C-alpha cells in the first residue's frame, strides 16, 4: 500500500504513555472543498461546517470498528442555524447545515455559537454494529465555539478531562481545517469503563497546557505534517507515540438503488402521496444536494 501523506485529509492517533494521555490530530483540505462545493453556503457557515467536519473526523477516528459510524448533530429551535449534521463511516465524511440565509447576512464576521444557534443541544452518537454497541450523549450547546462545546460534551456526558482545538481557514480558493483532541484516560482503561477517571489528575494540566499552545495556523497549515506538529508540541515528553493514520475522504451514501429500496417500504397510499405533478417521486439528499427522480412503477 502507498504511504499516506500526513498533511491533509488524514487523522493520526497520539499517545503520551507517561501522562496517561491520548487523542487524535486531523487536518482536512480537499474533503472540505468537496463537501462545500454543491451548497453555496455563506463564509460563516462554510467555516463552521469545516470545523464540524474536523471534529467529526477526530471523533470518528476513535472508533475501533471499521464499520463503526459517528454522528455529530447540533439542533436548536429558533436559531439562525436550526440543524447541523456531520457523520463519519470508514474514513468517509459528509455534513450539511440548515440555516436562515437572511439572518446569517446580518451577522458579523466571527459570531459566537449562541449567536448562530441560540439555545440548543449537541448530540454525539457512537455506533459500532459488530460489537452491537450504540451510545449517544446529549448536552446543551455551550461555549464560544464548537471546540468548547465538544469539551463541554466530554466533561458532562462522559466525565473525561479533554482538550479540543479546532480551526478553519480559506487560503485563496481552498479551505483547510485542522483539529486536536486530547484526553486523560488512566492506565488499563478500556471502552467506556471510565467512571473512575480523575478530573483533577496532576498529569492532565501539563498535557492541556502543551496541547492548548497549538496555534490555529499550525492546525490549518497544509505544508506542516501532522507528526511534525505533534513533535513540536510534545517533544520534551518521556515517550511520544503516533498511531497509524486514517485516510479521510468525502463520502455520501445516497444511491439510487438504496433510495428506491427505502421508498418501496412505504405503504402504497403513502407512496402515491409522494408523486409530484410530473408523475415522479423526487428525493433530495441534503448532504450532497443531489436529487433522485423515481418512477412509481419501479417500486412495484
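Among 234, 287, which is touching a residue at least 40 places away in the same chain (Cβ under 8 Å) and under 20 Å from residue 94 (Cβ atoms)?
287
Taking the stated definitions as given, is residue 172 in contact with a helix residue (DSSP H, G or I) (Cβ under 9 Å, 6 or more places away or on another chain), at positive phi and free of Cβ contacts under 8 Å to residues at least 40 places away in the same chain?
Answer is no for this residue.
Return the only residue of 37, 26 being modelled with pLDDT of 95 or more and under 18 Å from residue 249 (Cβ atoms).
On inspection, the qualifying residue turns out to be 26.
Condition first: within 16 Å of residue 43 (Cα to Cα) and either modelled with pLDDT of 90 or more or surrounded by 12 or more Cβ atoms within 10 Å (Cβ to Cβ) (or both). Now tell me which residues in region 103-116 satisfy that.
Those that are within 16 Å of residue 43 (Cα to Cα) and either modelled with pLDDT of 90 or more or surrounded by 12 or more Cβ atoms within 10 Å (Cβ to Cβ) (or both): 103, 104, 107, 111, 112, 113, 115, 116.
Being out of contact with any helix residue (DSSP H, G or I) (no Cβ under 9 Å at 6 or more places or on another chain) and crowded, with 23+ Cβ neighbours inside 10 Å is true for just one of 153, 96, 121, 88. Which residue is that?
153
Taking region 126-150, which residues are surrounded by fewer than 16 Cβ atoms within 10 Å (Cβ to Cβ), out of contact with any helix residue (DSSP H, G or I) (no Cβ under 8 Å at 6 or more places or on another chain) and in a strand (DSSP E or B)?
The answer is 133, 134, 135, 136.
For the condition at pLDDT below 85, in the same structural domain as residue 172 (by TED's automatic domain parsing) and surrounded by fewer than 14 Cβ atoms within 10 Å (Cβ to Cβ), what is the one hit in 202, 267, 244?
202
What about residue 69, is it over 27 Å from residue 119 (Cβ atoms), surrounded by fewer than 21 Cβ atoms within 10 Å (Cβ to Cβ), in contact (Cβ under 8 Å) with a residue 24 or more places away in the chain and within 13 Å of the chain's Cα centre (by Cα)?
Against the criterion (over 27 Å from residue 119 (Cβ atoms), surrounded by fewer than 21 Cβ atoms within 10 Å (Cβ to Cβ), in contact (Cβ under 8 Å) with a residue 24 or more places away in the chain and within 13 Å of the chain's Cα centre (by Cα)), residue 69 qualifies.
Can you tell me how many residues in region 250-274 are touching a residue at least 12 places away in the same chain (Cβ under 8 Å) and more than 18 Å from residue 290 (Cα to Cα)?
3
The values are calculated or read from the model by the stated rules, or taken from the named source; none is laboratory data. As the structure is a prediction and not an experimental result, all values here were calculated from the model. Because the Cβ atoms are built from the backbone with ideal geometry, glycine has one as well, and the counts that use them run over all protein chains shown.
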